[in-house]
Every structure is written in C-alpha cells, then in structure tokens.
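The values are calculated or read from the model by the stated rules, or taken from the named source; none is laboratory data. None of these values were measured; they are calculated from a predicted model. Cβ atoms come from the backbone with ideal geometry, glycine included; neighbour counts cover every protein chain shown.
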Amino acid sequence: MVIHVFVGPSLPRSEPQLAAPDVRVWPPAQHGDLFAPEISNDDTVVLIDGVYHQAPALRHKEILAAMGRGIRMVGAASIGALRAAELAPYGMHGVGRIYAAYARGDIDGDDEVAVGQAPDDDARALTWPLVNLRHALELAVAHEVLDASRATGLLQALRAVYYPQRTWAAVRAVCHNRGERTFADWLDERRKQDRHFADLKRADAIAAMTTALDGTAAAAGAAVAPPRWETAYFRRWSNAAVREQIDGLNLSTEDRLVYQQVFDPDFPGRWAAYLEHLSQHPADGGPGLPLAERLTQACGGRLPADRVFRPWLDLRDEETVGLLLAGETDEDRRAVARYADVLARARRRRPGMSAAAVRDEAARDLLLTVWRCPEEHLETEAAARGFGRAASAVEAAKRFVLGFLEETQRMETTCAGH
C-alpha cells in the first residue's frame with residue numbers, strides 16, 4: 001500500500017514524514033490528479049494542499065469516486081480539511097483543528113486556508129492564511145496581549161485584505177492602522193523565536209501524516225463503502241485523464257481516438273464493428289444479440305445503428321481502446337503529438353487559450369475538408385464515426401484545428417516554392 005500525499009505550502013518536502021517508505025509526494029492537487037494510474041485501489045491519499053485559482057480545483061465527485069474504488073482519503077490543513085468536512089458523511093477522514101472548525105461550522109470560507117504561493121515549483125507560502133492569523137489572535141488573547149473584543153476587530157480587518165495580498169507587511173500595516181502595534185511586535189518576536197509559531201496548517205498536516213502512517217485512516221475508511229459516482233461529468237473527466245506512453249510519446253488516449261474518428265477514412269467501418277461487438281457482448285451481462293436483430297427490436301430497423309445506439313466510451317477499458325484504435329499507425333500517433341504541441345504553444349503565447357476557444361466554423365471547415373462531404377451530410381458522417389451529432393464532432397475536432405491549419409499552410413508554402 002502506498003500513501004500518496006498532495007502537499008505544497010502547508011508542509012515542506014524536507015519534513016521527515018514525507019520521506020517515509022511507501023510515501024509518494026505530489027504537488028498540490030488539482031482536477032484530474034486522482035485519475036493518475038499510480039494511485040491503486042487499496043492506497044491511501046492524504047489531501048493537504050490544492051490549487052483552485054490558477055487551475056481547476058479537485059472536484060468532490062473525483063474524491064467520491066476514488067473512495068468508491070477503495071482508496072482511503074484523508075484530509076487536513078488546507079483544501080484537504082475543507083473537502084473532508086464536506087465529504088465526511090461519505091467516508092473521507094478529516095484530521096486536525098482546521099478540519100474540526102469546518103465540520104462544526106465555525107469557519108466556512110475557502111479564504112480561511114487560501115495563500116498566495118511562489119511561482120513555478122517553489123512551494124513556499126507568500127501570505128498568511130486566515131486560519132493561522134485567527135490562531136495567533138487566540139494565543140494573544142490567552143497571553144493577555146489582546147482582549148477578546150480587540151482580537152475580533154483585528155480579525156475582521158485582516159479578513160478584509162484579499163488573500164494574495166495578506167503578506168506579513170500587510171498584517172503589520174493593518175495592526176498599526178488599528179493601533180495594535182503591541183500585538184504586531186509580540187507576534188514578530190514569537191515568530192523569531194519559533195518560525196512555526198501559530199502555524200496551524202503545518203501542525204494539522206503533520207497530524208494527517210501521522211494518521212496515515214500509523215494506519216488509523218485505514219481503519220476509519222473501512223467502515224464506509226461509498227457507491228460508484230459515474231455521472232456524465234465524471235465520465236468525461238475520467239476519459240480526459242487517460243494517457244499512455246508510446247515510443248517516447250506521452251499521448252492522451254482521447255486525442256488518439258478523436259484523431260481516428262476525424263482523419264481515418266476507414267473509421268466508420270470500425271465503429272460499425274464496435275457496435276456489433278457491444279450488441280453481441282453487452283456490458284450489463286445480458287444476452288448477446290446480432291446488431292441487426294437488436295436494431296429491429298429498437299426501431300423496426302428503420303434507422304441505421306449509429307443513429308440509434310450511442311454508447312458511452314470508457315477509455316480506461318483496454319478492450320474498448322484496442323477495438324477502436326485497431327487501425328492506428330505510428331504516423332497517426334506522431335500527428336497527435338504534433339497537434340498537441342501546436343495547441344500547447346498557442347496556450348503559452350496566449351494565456352487562457354484552449355481548444356474550446358477555437359471557432360466552431362473553423363472546426364466545421366476542417367471536418368468538411370477531411371471528410372469530403374457536403375455540409376448537409378455532416379450529421380450523417382458524424383454519426384457514422386461515433387460522434388452521435390455534428391455538433392459533438394465539431395467540438396471534438398477543435399483540438400486539431402490549429403495543428404491542421406499550420407501543417408496545411410506549411411504544405412502550401414512548400415508547393416508554392418516549387
């Protein structure tokens with residue numbers, strides 16, 4: 001069993017517990033991370049830190065699905081504490097004072113644990129999280145540096161500072177503006193004596209690691225067996241997360257399939273064969289039937305099978321992938337990698353750029369060019385290639401538009417040169 005720890009500013013990687021055998025350290029969690037093939041069904045995940053400002057956050061249904069697979073989920077300190085409080089009824093194990101405060105409803109905002117983080121791979125926190133400031137104020141009241149009323153007023157003033165701007169300089173400025181210089185000096189002195197003073201997030205993160213390492217999380221997680229959470233959104237996320245390393249290329253399986261659907265002239269025949277396979281071998285274990293017979297039962301045989309049956313594809317299933325990519329060539333995979341690189345370069349040049357931002361008209365033109373069909377036949381061709389509808393084909397093809405245009409222009413320039 002491996003303990004996977006998603007951690008960043010709350011706990012430095014030099015922490016001895018993170019170097020324990022069978023512990024794998026990951027960066028702060030984001031959407032899609034729990035689909036990593038390295039995370040097995042009997043592993044434990046300790047969720048401490050996560051992103052949500054600069055990238056999509058880890059979603060609740062991803063955690064629920066992981067627990068449904070048998071993965072033990074422990075949360076603490078930061079987004080882990082928040083998610084554990086929200087998902088405790090389903091079996092997520094929360095640890096620490098921050099988790100308890102969320103669970104009781106004493107705190108409820110994301111900004112309580114949010115911090116500004118250094119760029120790139122630097123995991124340092126550049127600002128103070130509100131939970132740590134709240135704890136420092138509680139300690140100041142206990143040491144009679146502040147009374148409860150002044151501490152409450154100071155907390156409200158500090159909360160009003162936007163979290164990426166809540167630096168130590170900003171904290172001192174707020175204290176001075178409210179006439180609380182004594183508290184600022186006291187806190188500064190305590191921090192010089194102990195750089196972890198009032199760092200509640202760090203303390204909770206260490207407690208979560210202790211819980212995972214001593215097996216407490218395994219015992220707690222075994223009591224609850226969440227159901228499978230296979231919503232349409234989750235299925236889309238899971239397919240988008242599947243990748244494979246082939247001949248030195250790290251490729252998205254979804255990209256590889258869409259490439260075949262768009263560019264392989266023989267794919268309609270492969271899709272028809274796949275529908276026949278599903279009819280003969282139903283996923284629910286029911287009796288197999290020839291596709292023509294099943295089609296007669298469904299609509300009297302009046303419509304083609306690709307218009308009647310639109311199965312959801314699970315790209316985690318090796319048999320499905322093998323059948324649909326049976327015609328894939330080495331050159332196809334290289335083309336997928338080239339097109340992905342073009343899109344990645346466009347994203348670096350234009351922050352916020354994505355395949356979804358490509359115009360529908362451009363993707364439609366690509367399909368009409370490659371499929372060599374009039375626009376009125378686009379729906380029929382899209383269904384025959386497993387897209388269901390032309391609109392779905394257009395949306396899927398957007399990931400290839402920039403690469404296709406770049407290669408087309410390059411070929412035209414080469415031809416013109418000759």
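Taking L289 as the residue in question, decide whether it is crowded, with 19+ Cβ neighbours inside 10 Å, assigned by TED's automatic domain parsing to the domain that holds D330 and of a type outside the set (D, E). Here the answer is no, as L289 does not meet what is asked. Applying the condition of being part of a loop (DSSP other than H, G, I, E, B) and among the β-branched types (V, I, T) to the stretch 44-64 and asking which residue is farthest from R235 (Cα to Cα) yields I48. In the stretch 359-418, of all residues being over 23 Å from W271 (Cβ atoms) and β-branched (V, I, T), the one that is surrounded by the most Cβ atoms within 10 Å (Cβ to Cβ) corresponds to T408. Within the stretch 147-161, can one find any residue that is more than 16 Å from L187 (Cα to Cα), part of a loop (DSSP other than H, G, I, E, B) and assigned by TED's automatic domain parsing to the domain that holds D185? Yes: one or more hits. No other residue among A283, A273 is among the small types (G, A, S), within 26 Å of E244 (Cβ to Cβ) and touching a helix residue (DSSP H, G or I) at 6+ places or on another chain (Cβ under 8 Å) apart from A273. Residues of the stretch 368-384 include none that is at pLDDT 90 or above, of a type in the set (K, R), assigned to a helix (DSSP H, G or I) and out of contact with any Ser or Thr (no Cβ under 8 Å at 6 or more places or on another chain). I'd like to know if the stretch 118-134 contains one or more residues that are part of a loop (DSSP other than H, G, I, E, B), closer than 24 Å to P27 by Cα, basic (K, R) and touching a residue at least 60 places away in the same chain (Cβ under 8 Å). Among the residues of the stretch 118-134, at least one is part of a loop (DSSP other than H, G, I, E, B), closer than 24 Å to P27 by Cα, basic (K, R) and touching a residue at least 60 places away in the same chain (Cβ under 8 Å), which makes the answer yes. Residue pairs whose Cβ atoms lie under 6 Å apart, sitting 6 or more positions apart in sequence or on different chains, and linking a residue in the stretch 74-98 that is more than 18 Å from I206 (Cβ to Cβ) to a partner that is in a loop (DSSP other than H, G, I, E, B) and modelled with pLDDT under 95, are Y90/P226; G91/V224; G91/P226. Could you list, in sequence order, the residues of the stretch 138-147 that are among the aliphatic types (A, V, I, L, M) and surrounded by fewer than 10 Cβ atoms within 10 Å (Cβ to Cβ)? A142, the sole residue that qualifies. Against the criterion of being surrounded by 15 or more Cβ atoms within 10 Å (Cβ to Cβ), within 22 Å of G109 (Cβ to Cβ) and either modelled with pLDDT of 95 or more or in contact with a His (Cβ under 9 Å, 6 or more places away or on another chain) (or both), A205 qualifies. Exactly one residue among A283, A273, A326 is in contact (Cβ under 8 Å) with a residue 40 or more places away in the chain, assigned by TED's automatic domain parsing to the domain that holds A363 and part of a loop (DSSP other than H, G, I, E, B), and that residue is A326. Inspection of the stretch 172-179 identifies no residue that is within 24 Å of Y99 (Cβ to Cβ), in a helix (DSSP H, G or I) and either assigned by TED's automatic domain parsing to the domain that holds V7 or over 30 Å from the mean Cα position of the chain (by Cα) (or both). The residues listed here are P28, P37; of these, the one that is touching a residue at least 12 places away in the same chain (Cβ under 8 Å) and under 19 Å from the mean Cα position of the chain (by Cα) is P28.
Taken as a whole, the structure leaves G352 outside the set of residues that are on the phi > 0 side of the Ramachandran plot and either in a helix (DSSP H, G or I) or surrounded by 17 or more Cβ atoms within 10 Å (Cβ to Cβ) (or both).
Residue count for the stretch 66-91, restricted to those that are touching a Lys or Arg at 6+ places or on another chain (Cβ under 7 Å) and part of a helix (DSSP H, G or I): 1. For the stretch 232-267, taking the residues that are closer than 19 Å to R385 by Cβ and not in a helix (DSSP H, G or I), the one that is nearest to the chain's Cα centre (by Cα) is identified as S252. Against the condition in a helix (DSSP H, G or I), surrounded by 16 or more Cβ atoms within 10 Å (Cβ to Cβ), touching a helix residue (DSSP H, G or I) at 6+ places or on another chain (Cβ under 7 Å) and not hydrophobic (A, V, I, L, M, F, W, C), how does D306 come out, does it pass? Considered against the rule, which asks whether it is in a helix (DSSP H, G or I), surrounded by 16 or more Cβ atoms within 10 Å (Cβ to Cβ), touching a helix residue (DSSP H, G or I) at 6+ places or on another chain (Cβ under 7 Å) and not hydrophobic (A, V, I, L, M, F, W, C), D306 comes out as yes.
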